[in-house]
Each structure stands twice: as structure tokens, then as C-alpha cells.
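The structure under discussion appears below in the form of C-alpha cells.
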Amino acid sequence: MKVLKTIANCCLVFLCVISVCVIIAFIYYHYFVKDITIGVNNIDNQVGLDIQEIIKSDDLTEEEKDELKDRYFLEVNYYSNDKGNGIQLQELKMNYFTTVSLTSADYRSTGMQYLGDYQGLPLDVWDGNTSVKFINPFGNNDRYYGTDDNAMKIVNSYVDKSFNYYDYTNGINWNGVTNENGSIATELKRTTQFIIKIDDRAFAICLDKYFDRDVGDLRNIFGIGWKVGDIYNRYYYTYGSLFQSCMQAVKTNSAGYGDYYITVDLSSLFSIKEYDYDTKKFKTDDVTDIIKTYSVLKFHYDENGARNSAQSMFGIIDNNSKYDVSEDKIDTSYWQERMTYNLNVTSKLRGEDIFTYRYSEVYEGYFVSLTMDAKKLFADIPRAKVNVTLDLASDYFKDKNMTIVGLDYDAFNGVELDTITLKGYMQTFYMLENSLCGTNLQRLIRSRNITLDGVEVATNNEYTEVVL
């Protein structure tokens, strides 16, 4: 009986220890361990929901269809003036919608333009016990003292006057900003919200983020560093912050000058709310712990300087739509270097097809090459930028009962090429000798089901291959 009692007491103690451990584990998990939920917003094209039906029309060319689909939230136009033949011009445009219907009728754009190389800073607010000091980092060092509410009114209403601001509506760009008489333009301040499309749903995006930097005193006591006071600088981002970050991304891109697309992280700058079609309100995500926001950035980066308002994405430079249009001030060779040609199977030159085709009984199909007239045209335009798209499954070839099997001998020999895009069915695409020799081809984009044959004898330069 004594043995049983001893065993029971040991079991009781053992159970108590386990219970205490479970309680401690529960408390630790409840207060110190937290599951983290990560949400991701991918801001892709900002094309109206009705455009998909419009581009199905047979009345539109492939270029027109591509242009309709080529609309993104962020666009940058950057003339670096590295050649010293104009002015340095930096431009940022945001494309969005005016209603949650997300149709092309709701299109609107707002942009910023800076002549030179913009070097701005985020707005700086120091938070003490009861007072707030607002520092204007643009130009002077004026301080504005007051309550937290007054300081936030200054921060939230701040619009950097370093820029020219433009709105785009109904095919026209215009500047509606005035100093004394109010404004009819979209003001790019921290409280401004834009309606954008994500996965065909409406969202509101707002540049309202900030970051804190600890500036508390660090004192040395007996050789040990002690922090005195809970003092920090709070930096409020502005659209100048977005502008400067976008320009930095463009001028440091590894591809260099040209027209490209990159994906940037806007998480530290913008907050996003989804539209609830039931309540008809934009709702805050109070479930996700970390929200990441990525956006496609479309940009044009140029080594030349801007000389004419036509080079601006707004058609205006420094509020002047006729900026430097005098013929005697324009270097015609410079303009020739800036010409870009996008060629496809329907492209014409003086009313004739720009491509010629040769049938091969061995390969049981047609080989493509550029016509002699087209080669001569591009040879007379130094450094003309040429992009070629060959859709092997296009209606053009179907109607003519033609099967395209590759590029012919010397197909593009000597023509400066930037990008060749091959689309179509599963097949082997033959590239005959010297078909891309002397082209300085930069990129070859092909469908995953197309296999290339003969690349080693087709070109004499390295290029980037992209598989779709």
C-alpha cells in the first residue's frame, strides 16, 4: 500500500510538472510567437476591362493592338544628355482610373517633369514630447513649430514646386497648377489616392508611408554606452521620393539605354486598399501582417539630351508645347539616330511588303528575309533601332497558306537590330548562314515551343535569349 501511495505521489508531481510546462509553453506562444501572414499585390497593366473586346477587332493592326495593351501604372522618360546635345530631362507618369468601373472611358494620367537631375529628400518631422518641428529640405532650412496636428497638415498638403505637373485627359496633356488662383490639376500630395487595377479588381493606392530614424543621445558612462531619451526623426515620403527612386532605378539598369520594363517594390512608399463592391467602400487589410506591393515600371532611357517638346511623354517641356522647334536648332542626324521601327509580317515600305519569302522544297516551307529596298533604307539611317516580330501562326500566313520555317541567307545582314520576337506553334526554326550577321542583335525572344537551329552560323555577336 505504501508503494502504491509513493507511485501515485510521483505521478501527481510528474503531471504537475507537465502541466506547468504546458502552461508556460502556451503563454510563450500566445504572447511571443506570432504567425506571420504575407500578402502580395502585383500591379501589372492598367488596361481597361473593355479593351480586351476592342483588340479582337480585325480593323486594328498588331501595332495598334500592342499599343492599346501597353499601359502601366508607372512610366519613366529619361534623357540623360550624356552626349551633351540638349538638356537633361526626367519625367514620371502615373496611369490610373477615375472610377471603379475600370474601363477605358475612365483613363486619366498625372505626371511630373524635372529639367536636370532631381536630388530631393523625404520630408523630415521631429517628434518630441509635445512639439513637432517640420523641416523643409528643399532649398532653405525654415522650421515650422506647432502641434502634431498642425505639423501633419503641413506634411500632408506639401507639393514640391521643383516640378512641372501635367494631367492627361481625352488625348491632351495640360498643366492646371497655379500659385494664386487655385488648381484644377491632380495634386500629388500624400493624401492623394489613385484607383488602379489589380487582377481586374479596383484598388486605391496612396503614397502615405514614412520611416523612423533613432537620434536619441548616446552617452558614455563608465565606458558603457547608454541611450538617453526616446527621440527620433520621422521621415515622411513624398512624390519627390518616388520620382528620385524611379530615376535611380532607370539610370543604374544593367541593359543601359533603350526601352525596357522592370518590376519595382513600392511597399515602403504606398498603402493599398481593395474596393468592396457590396459596401461600396475601400477597405483596409487588417488580416495580413506584411503586405508587399510590386509594380511594373515601363521606361525609356536615352543617352541624348532633349531638344524638342515632342521628345517629352507629355508633349510639353517646361510648360511650353513649342519648346525649341526651330529647324535651324535641330541636328537632323541626331533625329535620324532616334528613329525606331517596329516591323511585323504586315509592315509595308512604299506600299510593298517589307519582307520577302523564298520557298524551299528541302525544308517544305518559306524562309524570310528583308527586302533589298528595306536594307538600303536602314543602311542610310545610322543606328536606326529596329524591332522585328514574326508571328508564325498569324492569319496573314494562314490566308496565304504559307509555312514559315526560318530566316534566309543574309536575311538581316548589316541591319542594326535591337529585338527579334518569334511566336507560333511547336516547330524547329532554321536560321541560315549569316542571317543575323552584322546586326548587333540585343535580344531574341521566342515562344517556348519553338526550337532554334543554326544559331552558331547565323550571327557573329552575343545576344540575350528570352523564352516565353
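Since every read-out is calculated from the coordinates, none of them should be taken as a lab result. Keep in mind that this is a model prediction, so the values were computed, not measured. Cβ sites come from the backbone with ideal geometry, for glycine too, and all protein chains shown count toward neighbours.
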Over 18 Å (Cα to Cα) among LYS251/LYS298; LYS153/LYS209; LYS65/LYS375 -> LYS65/LYS375
The range 436-450 - phi-based ³J(HN,Hα) in whole Hz, Karplus 6.51/-1.76/1.60, Gly and Pro as x
10, 5, x, 9, 6, 4, 9, 9, 10, 9, 9, 5, 4, 8, 9
At a Förster radius of 56 Å, what calculated FRET efficiency corresponds to the Cβ-Cβ distance of TYR210 and MET426, to the nearest 0.05?
0.60
Pairs LYS56/LYS280; LYS93/LYS197; LYS197/LYS280: which exceed 25 Å Cα-Cα?
LYS56/LYS280
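Report the full-extension gain for the segment GLU67 to ASP324: residue separation times 0.36 nm, less the Cα-Cα distance, to one decimal in nm.
That works out to 89.7 nm of additional length.
Between the DSSP loop rule and a limit of at most 16 other Cβ atoms within 10 Å, which trypsin sites (Lys or Arg not before Pro) in the range 35-84 are left? If you can, show how the numbers build up before the last one.
Numbers: sites: LYS56, LYS65, LYS69, ARG71, LYS83; in loops: LYS56, ARG71, LYS83.
Here the sparse-neighbourhood loop sites are LYS56, LYS83.
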Provide the FRET efficiency to the nearest 0.05 for the ILE24-THR98 pair, computing r from the beta carbons and using R0 = 45 Å.
0.20
So for each of 406-417, 248-259 I average, over its residues, the number of other beta carbons within 10 Å; can you give me the resulting order with the highest mean first?
406-417, 248-259
Count neighbours as other Cβ atoms within 10 Å of each site's Cβ, and list the trypsin sites (Lys or Arg not before Pro) in the range 380-468 that are DSSP loop with at most 16 such neighbours.
ARG383, LYS400, ARG448
